[in-house]
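The values are calculated or read from the model by the stated rules, or taken from the named source; none is laboratory data. As the structure is a prediction and not an experimental result, all values here were calculated from the model. Note that we place each Cβ from the backbone using ideal geometry, even for glycine, and neighbour counts take in every protein chain shown.
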Amino acid sequence: MPHVLTAADLPVPEILRRAEEWRTRLQANPIPPIQPRAALIALLFYEPSTRTRAAFEQACVLLGYHPLVITAEVSSVAKGESLQDTVRTLCAQGVRAIVMRHPQAGAPQTAAQVATAPILNAGDGAHEHPTQAMLDLYTLWRHYEMPDPRTRWLAGRKVAIVGDIRHSRVARSNLTLLAQAGAEVWLCAPPTLLPDAPFPHATLTHDADAAVQDADVVMALRLQTERMQHGLLPSLNAYRRDYQINAERLQRAKPECVVMHPGPIQRGTEISDEVADSAQSLILEQVRNGVCVRVATLEYALGE
Ligand code: CP
């Protein structure tokens with residue numbers, strides 16, 4: 001029973017293959033025939049989500065399962081139940097898998113210790129967001145015409161991740177998969193938004209122009225104000241001036257550079273409208289690919 005708790009748990013070539021098969025299937029028939037099963041997959045979402053939750057709900061439906069969405073406000077967590085007891089309860093009721101988003105780093109690991117069904121991490125605090133990193137990688141893999149995923153197919157490519165690195169589970173999970181594929185990864189943030197812990201497979205900088213210089217891929221990240229202490233930034237205007245991904249800053253990147261963002265976007269803060277909506281932007285392609293990657297990951301975790 002494989003859990004997917006971190007990006008390192010993902011069998012990348014297998015998920016890429018399965019996601020591509022689903023993409024082909026859904027392109028041929030966007031509403032494919034479904035064999036409904038009398039079985040549930042629980043989606044425990046203790047933090048807000050649009051993209052991830054919608055993609056996992058769609059993934060459940062495509063596999064014939066009923067998605068049982070439980071949020072903290074409407075669950076017995078509000079009456080003091082522990083996460084472990086919630087997980088034990090759902091497993092006793094026979095759910096086939098539990099997809100969970102939680103504000104605490106490490107919550108999926110805690111759940112996995114008592115679960116009798118696979119746990120899929122849909123984002124835990126500032127720790128990991130494995131399926132986001134997987135769909136980002138899938139998007140790049142398709143963009144670069146599907147090279148052999150068992151090779152270091154991103155070798156020679158510079159990927160600059162710019163924004164609130166300290167609070168970003170997306171940056172952490174992406175670094176694992178991008179480095180595995182051989183990319184040269186730059187992580188760029190103001191001094192207060194870079195992590196204290198070392199990142200052995202990345203170049204860390206406070207200089208966004210240097211990070212973007214000659215980049216093949218620029219990924220902008222949102223300021224995670226919900227996880228931020230006050231006083232980490234001098235002003236939003238200074239942040240925009242020094243870190244926003246806009247047309248002027250992108251001129252430093254390679255002409256064929258593509259721009260990514262995991263969403264949700266704060267337009268005019270970490271990315272300009274012009275860049276978010278440009279031909280260089282893969283943002284909506286990331287969203288579309290999110291469905292195929294979530295079906296692929298669920299299938300893998302369910303052993304189907
Ligand atoms: N990227 C991402 O996790 O978006 P949601 O918070 O909308 O799921």
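Name every residue in the range 158-181 that is of a type in the set (Ser, Thr, Tyr) and part of a loop (DSSP other than H, G, I, E, B), in order of residue number.
Filtering the range 158-181 down to residues of a type in the set (Ser, Thr, Tyr) leaves 168, 173, 176.
Within the range 158-181, just Ser168 meets the criteria.
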Practice task
Please work out if Leu221 is closer than 23 Å to Leu10 by Cβ, at pLDDT 95 or above, in contact with a Ser or Thr (Cβ under 6 Å, 6 or more places away or on another chain) and crowded, with 24+ Cβ neighbours inside 10 Å.
Solution key: yes
Practice task
Working only within the range 71-83, note down all residues that are of a type in the set (S, T, N, Q) and not in a loop (DSSP other than H, G, I, E, B).
Solution key: Thr71, Ser76
Completion exercise
Within the range 182-199, the residues that are part of a loop (DSSP other than H, G, I, E, B) and out of contact with any Gly (no Cβ under 7 Å at 6 or more places or on another chain) are Gly182, Ala183, Pro190, Leu194, Pro195, Asp196, Ala197, Pro198, Phe199
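Tell me, yes or no, whether the range 126-135 has at least one residue that is in a strand (DSSP E or B), within 15 Å of the ligand (Cβ to nearest atom) and among the charged types (D, E, K, R).
Going residue by residue through the range 126-135, those that are in a strand (DSSP E or B) are 128.
Restricting the remaining residues to those that are within 15 Å of the ligand (Cβ to nearest atom) gives 128.
With among the charged types (D, E, K, R) added as a condition, the list becomes 128.
Checked the range 126-135: at least one residue is in a strand (DSSP E or B), within 15 Å of the ligand (Cβ to nearest atom) and among the charged types (D, E, K, R).
Report yes if Ser76 is in contact with an Asp or Glu (Cβ under 9 Å, 6 or more places away or on another chain), more than 16 Å from the ligand (Cβ to nearest atom) and among the hydroxyl-bearing types (Ser, Thr, Tyr), otherwise no. Break it down into steps so the answer makes sense when it comes.
Details: in contact with an Asp or Glu (Cβ under 9 Å, 6 or more places away or on another chain): yes; more than 16 Å from the ligand (Cβ to nearest atom): yes; among the hydroxyl-bearing types (Ser, Thr, Tyr): yes.
Yes; evaluated as a whole, the condition is true for this residue.
In this structure, does Pro264 turn out to be part of a loop (DSSP other than H, G, I, E, B) and either among the aromatic types (Phe, Trp, Tyr) or touching a helix residue (DSSP H, G or I) at 6+ places or on another chain (Cβ under 9 Å) (or both)?
For Pro264, the condition - part of a loop (DSSP other than H, G, I, E, B) and either among the aromatic types (Phe, Trp, Tyr) or touching a helix residue (DSSP H, G or I) at 6+ places or on another chain (Cβ under 9 Å) (or both) - is met.
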Problem - Candidate set: the range 54-70, residues that are part of a helix (DSSP H, G or I) and farther than 21 Å from Pro2 by Cβ; chosen: the one farthest from the chain's Cα centre (by Cα) - result: Val61
Practice task
May I ask you to verify whether Ala122 is crowded, with 21+ Cβ neighbours inside 10 Å, part of a helix (DSSP H, G or I) and of a type in the set (Gly, Ala, Ser)?
Solution key: no
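Let's see how each residue does on (1) under 20 Å from Ser168 (Cβ atoms); (2) at pLDDT 95 or above; (3) hydrophobic (A, V, I, L, M, F, W, C):
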site: Arg267; (1), (2), (3): yes, yes, no
site: Glu274; (1), (2), (3): no, yes, no
site: Ser278; (1), (2), (3): no, yes, no
site: Ile283; (1), (2), (3): yes, yes, yes
site: Asn289; (1), (2), (3): yes, yes, no
site: Ala296; (1), (2), (3): no, yes, yes
site: Tyr300; (1), (2), (3): no, yes, no
Exercise for the section: Note down all Cβ pairs under 7 Å where the first residue falls in the range 38-53 and is within 14 Å of the ligand (Cβ to nearest atom) and in a loop (DSSP other than H, G, I, E, B), the second is of a type in the set (Lys, Arg) and modelled with pLDDT of 95 or more, and they're at least six residues apart or on different chains. Expected result: Tyr46/Arg101; Glu47/Arg101; Ser49/Arg101
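Listed here are the residues, each with its yes/no results for (1) at negative phi; (2) more than 13 Å from the chain's Cα centre (by Cα).
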residue	(1), (2)
His143	yes, yes
Pro147	yes, yes
Gly156	no, yes
Leu175	yes, no
Pro190	yes, yes
Leu194	yes, yes
Val217	yes, yes
Gln224	yes, yes
Asp242	yes, yes
Exercise for the section: Mind listing just one residue for me: the one in the range 84-106 that is in a helix (DSSP H, G or I) and surrounded by fewer than 14 Cβ atoms within 10 Å (Cβ to Cβ) and, of those, nearest to the chain's Cα centre (by Cα)? Expected result: Gln84
Exercise for the section: Scan the range 8-20 residue by residue and report those that are closer than 17 Å to Val287 by Cα and surrounded by fewer than 20 Cβ atoms within 10 Å (Cβ to Cβ). Expected result: Glu20
